[in-house]
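The next block holds one structure in the form of structure tokens; read it before the comments.
The values are calculated or read from the model by the stated rules, or taken from the named source; none is laboratory data. All figures in this text were calculated on a predicted structure; none of them were measured in a lab. So basically every Cβ, Gly included, is an ideal-geometry build from the backbone, and we count neighbours across all protein chains shown.
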Amino acid sequence: MAALCQVRGLTRRFGGVTAVDALDFEIAQGEFVSLIGPNGAGKTTTFNLMSGLDRADSGEVLFDGRRIERLAAERIAALGVARTFQHGRVFGNLSVLDNVLIGAHTRLRATRPWAGPVAELALALWRPRSVREDYAARESEARAIVARFGDRLTPRLDHPAHSLSYANRRRLEIARALALKPRLLLLDEPTAGMNPTETAEMEALIGELKREGLTILLIEHKLDMVMRLSDRVYVLDDGKRIAAGPPDEVRNDPAVIEAYLGHSGVGRRPQAEAAE
Amino acid sequence: MSGSWISSRRAFVAGLLAAVAAPSVSAKAAGGEQILLGVSGPLTGPNAQYGAQWKKGFDLALDEINGKGGVKGRPLQYQFEDSQADPRQTVAIAQKFVSDPKIVVELGDFSSTASMAASSIYQRAGLVQFGFTNSHPNFTKGGDYIWSSSVSQADETPRLAKYTTELGFKKLAVLYLNTDWGRTSQTLFSNAAKSFGAEVVAAEGYQPDEKDFRSTLVRVRDANPDVIVLISYYADGALIARQIRSVGLKTPIVANGSVYSPKFIELAGDAANGVYTETNFFPGEPRPEVQNFVTKFRARYNEDPDTFNAVAYDTIVLMAQVFDQFGTDRTAIRDGLAKIKDVPSVIFGKATFDPETRRVAGARAVYLVVKDGKFAPWDGVKPTVN
Amino acid sequence: MNSFIDYTVNGLVIGNVYALLAVGLALIFGVANLINFAHGSVYTIGAYVGWAAITFLHTPLAVTILIVALACGALGAAIERVALRPLQGRARIAPLLATIGLSFVLDQLVQLIASPNPRALPVDLPDWRISIGGGSVGPMDILIAGVGLSSAALLYGFLRFTKLGYAVRATAQDRDAARQMGVNVDGVNSAVFAIASALGGVSGLLVGMYYNHIDPAMSFQATLKGVVAVVIGGVGNVPGAIVGSLLLGLTESYGIALFGTTYRNLFAFALLILFLVVLPNGLFGGRRAVEAEPMTGTFIAPSRALRVPPSVVAALAVGAFALPFALPAPYMLQVLTNSWLAGLLALSLTLVAGAAGQMSFGHAGLLAIGGYASALLATDYGVTPLVSVPVAGVVTSLLGTALVFPAFRLRGHYIAIATLAIGEIVSLVILNWESFTHGAMGVTGIPPLSALSYAVTSARAVYWLTLAALVAFALLQARLSSSHIGRTLRALRDDEIAARSHGVNVTRYKALAFGFAGFGAGVSGAISAHLFSYLNNQTFDSQLSLLAVTMAILGGMGNILGAVVGAVALVGLPEAFRFAAEYRILIYGVVLLALVRFRPQGLLGTV
């Protein structure tokens, strides 16, 4: 399988701390890959580097064979890379539906012509048929996506996001990412802070997405979920890759065990994951 | 100094009460139907002190006139609307005045900018706008209903230039307030000075809220002037004068008439001594109109009057004469201003308007110099030029 | 090169004076993450307290300084306790707005009590001078330098080496963690405000003595220059504030040397913008840890906008158009015309600051650009107002966006400072570019509005024209708001990072918002120019900018109907009740404070 996304020699330093150290990995179309490792291992930083929110000191990121590590975040999103955030970032003052529609931003072709901002403004004020149809299509897509979450979000379509429960906000984040119709989905600890029931629901949804062929890169701490869902797993510690392979291999790798055991219960590590 | 603290607190309370009550009117009873003059001016805001000075002058004149029975048996009264000298407000006040048939003439506003914003309203409606402190050369060009007894800068600044050259100065450095007033004055002054044979070696404009002039003075010093001319108001004039002395410059200073105020001496301290200036109103002048006014003012208010009190007083006296000779119809008032002659005036002696410019010609000037912390008439002694 | 030395010395001397205020500002910022716009007011009050002490109690200099320090320290603690502490946990810009409101209130109180007339503040020091180059310095310069340097040194030592200093720095880094560690966070903040304000008050006293001049309007300029110095030095860095002040003083001095006195402030603000764009953390600011939660640049309180049914809005509009038939008094119509023009400004601001999250403290600059564009076209080039007004709108749209563009990537208080400075720069450029704008003389004889050959001059006609402009713009803005662009703007307001991660080109949309908003403001300025018939660089000033912010917040940030309501309330009502004119600014300050504290979502709720 050709790699959809490749990361080669990716490095990022913050002052004296090397958050990501010459990282190499790849993910093929349709694969489900997970990044695991203790806190401070550099996982979220890697996501930031891949999605354009941060700039690497060296190394490259290839998406579809094309180098993207120097592109702006919005350009990378337009190429089909969607992500969620470690602590969840929804647009608090926007309704649930509006949140999801922002996800569809790159797909509103008629609404956002290449002709530039003035044309876009004119279209927004005038709203010819093409624009209205474009919007209607995206709106029905959005509703369909929201419906995937059962009745968690649908009855709250016009509630402001800040009024949602924590779990619903995480769900909304994923709905929003899906509205982008991504070719690669980066999920950063989607079940953090959720109770077992919620976690199970989320796992089921992610499993569905996997079965539909979506290429997914997951950061998670719940190792049983990781093992059940992933095709391959990479283990990071201190910014370096210490293990890689199918779940069973990685689970029994002594270096991995040492990394987890050796670090649990010891005092806080310097926070290398500075940015969201 | 404690006196002015307390009196200004009294003024605050009085102003508070007055402001809460209806717009200020002078209370004069007796006789027939009132003749109402509309006044647009600052009662509050940064120029509030000038509005207060106007009122003192107005009230003094009204007492005299109404005490003698008013004009043909009708008492005069003014209605003072607070504009804060803000063009947005003068426009609103203008609308109010022109649509009130009881108002026969408008007096004010304080600054030319504020007045000019409203001129078109007065002109279109046919109500005389009498900007008695508006010295902008373009003010009266607003139309034939726009009049002023204020000495135009076009008249005043050449006199300052003359004084400066009479003092023997040939190389002039000019510091001027960078507002429309200051700019106009500076241009007129420089042109006049050149025509009298002097040379302007430096011209520096400064912002109204500027406090620090040291670097400006270095530029000035480097131009090697015989004299530093200040086109300033008293507060900034005082600041500059002090800094000229404190950086060690001994150059003589000539300042325009706006610095003629006890405040200038208070704020400038010792630096005020030796400053030359001129004024068209000097309480010490022996002329009967001046002495009459000064004596009555002192008796009523227990202080010396300044130019603002004087022009306000003059304006009421003028208007009373116009009403008496030409009636109180708005258009007749306009025509009357063009025709009236030799009105007794504190500032002018006898005032007559030039119908072309709609201003009074021939203001008198008194040359002054500050000696021992007081303004005194110039004794004719030319300074040694260094 | 004698003069070069003199300019350098003078630059250092004035920098010295700026430093006194800057150190206090830096301290407050360092601890409370707040640019305290009320610091200048405390400075002014210090000068007046000192004046009172000298005049009534005849105290010697040292005692006067002590009295001023105590009085202003108490004032600072009170400010913190009453106005700022209750705002903990709100949007970052809430305390900043509160300090602006406070500055209005305090300045006006001083003016009401002490009169606007400047007073002398004589100093009791010996009269010698030391010659340096062509100029000299005296004991006051030495005293100011002494106070500035020693207070900076003391504060620096205090912060670095004492227990309370540690507590202060910990609180600045992370309030909650500090509280967990047992730090009395409230006490710390109080103490810091007290110290900074004491220093601020003493600065006012010393500077007042230096120039022998105190007046109630001292504060604004002082604060502005102090802010510039602090940004250059690195906000929060106390010794940096001194370096920043000296650098500012030198820049101004050399600017005067090269170009003349009128360019002084232009240099100061250009320096500020340069730093904000290139080195926002200043010379010594160092890297701050990246914010975990999104740092919004505006003032949004989450709320539900009041749902006003369209039929009600339509009825209000119809009523407004019909009003001249019921209430023909030209005076009232004039008052309402002013309100509609203010409403256009408020609409413009509420779009960028409310919907798009770009607070703008210099919005009056857009009025000035529009006003001048139309005035110059009509007066100097004979263009009919029918054409010049819309053209002015377009010019404002383009130029305004270009000017504010460098500020797009700034956050929180930096946007506030940058936009304030840009507003001042517009005014200064207008003043200095004489050949084009007529400089201080202004533009006279601006022709009245006209459509084809009909002059629009009656109160009624003007009323309808401006109301029509307002309604048209409001409708367009509503349409924009309900479109995808509106949604996108609100998204990037809430969280730029999340927005970008979903393909939103944030810069493009901010520019779009400003472009649209600039048109409305430009038209308002243009119409005003034709109504006033005279325009100069002071016609649209910074006070108007701050009033615009208050109007928008009063109505509810982002709320279109709210903007109009805010304008009518803050511009129309005071004009209608003219007896309150003296207290107008005071009222604005109180309204702003009350809104920020008790009802940040305004009357109609944020959108």
Report summary line: When C:S542 is run through (1) more than 19 Å from the chain's Cα centre (by Cα); (2) within 12 Å of another protein chain (Cβ to nearest Cβ); (3) modelled with pLDDT of 85 or more; (4) surrounded by fewer than 23 Cβ atoms within 10 Å (Cβ to Cβ), the failure sits at (1)
Query raised in the report: How many residues does segment A:85-125 contain that are at the interface with chain C (Cβ under 9 Å from one of its Cβ atoms) and either under 27 Å from A:S34 (Cα atoms) or out of contact with any strand residue (DSSP E or B) (no Cβ under 8 Å at 6 or more places or on another chain) (or both)?
Result: 25
Report summary line: Only one of B:F323, B:F375, B:F282 is assigned to a loop (DSSP other than H, G, I, E, B) and touching a strand residue (DSSP E or B) at 6+ places or on another chain (Cβ under 6 Å), namely B:F282
**Report entry** Given (1) modelled with pLDDT of 90 or more; (2) crowded, with 22+ Cβ neighbours inside 10 Å; (3) not charged (D, E, K, R), number of the condition B:T113 does not satisfy
**Finding:** (1)
Query raised in the report: Any idea how many residues of segment C:236-245 are buried (at least 23 other Cβ atoms within 10 Å of the Cβ) and part of a helix (DSSP H, G or I)?
Result: 6
Query raised in the report: Taking the condition of a type in the set (A, V, I, L, M, F, W, C), free of Cβ contacts under 8 Å to residues at least 60 places away in the same chain and either in a loop (DSSP other than H, G, I, E, B) or within 14 Å of another protein chain (Cβ to nearest Cβ) (or both), does C:L258 pass?
Result: yes
Query raised in the report: Within the group A:E276, A:E201, which residue is among the acidic types (D, E), surrounded by 16 or more Cβ atoms within 10 Å (Cβ to Cβ), in contact with a Ser or Thr (Cβ under 8 Å, 6 or more places away or on another chain) and at pLDDT below 95?
Result: A:E276
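Results for (1) within 30 Å of C:V590 (Cβ to Cβ); (2) surrounded by 24 or more Cβ atoms within 10 Å (Cβ to Cβ), shown as yes or no for each residue.
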position: C:A472; (1), (2): no, no
position: C:A478; (1), (2): no, no
position: C:G486; (1), (2): no, no
position: C:L492; (1), (2): no, yes
position: C:G518; (1), (2): no, yes
position: C:L547; (1), (2): yes, yes
Report task. Please go through segment C:443-459 and pick out each residue that is away from every other protein chain (no Cβ under 11 Å) and either surrounded by 16 or more Cβ atoms within 10 Å (Cβ to Cβ) or assigned to a helix (DSSP H, G or I) (or both). Result -> C:L449, C:V456
Report task. Test B:A117 against the criterion of being small (G, A, S) and in contact (Cβ under 8 Å) with a residue 24 or more places away in the chain, and give yes or no. Result -> yes
Report summary line: By residue number, the members of segment B:207-251 that are farther than 23 Å from C:M218 by Cα, more than 10 Å from chain C (Cβ to nearest Cβ) and in contact with a Leu (Cβ under 7 Å, 6 or more places away or on another chain) are B:P225, B:V227, B:I228, B:V229
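So for segment C:26-47 (the condition being closer than 15 Å to C:L246 by Cα and modelled with pLDDT of 85 or more), does at least one residue qualify? Before the answer, list the steps.
Taking segment C:26-47 first, the residues closer than 15 Å to C:L246 by Cα are C:26.
If we keep only those that are modelled with pLDDT of 85 or more as well, we get C:26.
Looking for residues that are closer than 15 Å to C:L246 by Cα and modelled with pLDDT of 85 or more, one finds at least one in segment C:26-47, hence yes.
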Query - Residues located in segment B:183-213, provided they are assigned to a helix (DSSP H, G or I), of a type outside the set (S, T, Y) and modelled with pLDDT of 90 or more - result: B:Q186, B:L188, B:F189, B:N191, B:A192, B:A193, B:K194
Query - Members of segment C:417-440 that are surrounded by fewer than 19 Cβ atoms within 10 Å (Cβ to Cβ) and within 12 Å of chain B (Cβ to nearest Cβ) - result: C:E434
Query raised in the report: Residues in segment C:7-36 that are over 19 Å from C:A416 (Cα atoms) and among the polar types (S, T, N, Q): how many?
Result: 3
Requested in this report: Go over the candidates C:L283, C:L272 one by one and state the one that is part of a helix (DSSP H, G or I) and either aliphatic (A, V, I, L, M) or at pLDDT 65 or above (or both).
Outcome: C:L272
**Report entry** In segment B:268-301, the residues that are surrounded by 14 or more Cβ atoms within 10 Å (Cβ to Cβ) and of a type in the set (A, V, I, L, M)
**Finding:** B:A268, B:A271, B:A272, B:V275, B:V290, B:V294
Query raised in the report: Quick one: in segment B:155-182, which of the residues that are within 14 Å of chain C (Cβ to nearest Cβ) and in a helix (DSSP H, G or I) is surrounded by the fewest Cβ atoms within 10 Å (Cβ to Cβ)?
Result: B:W181
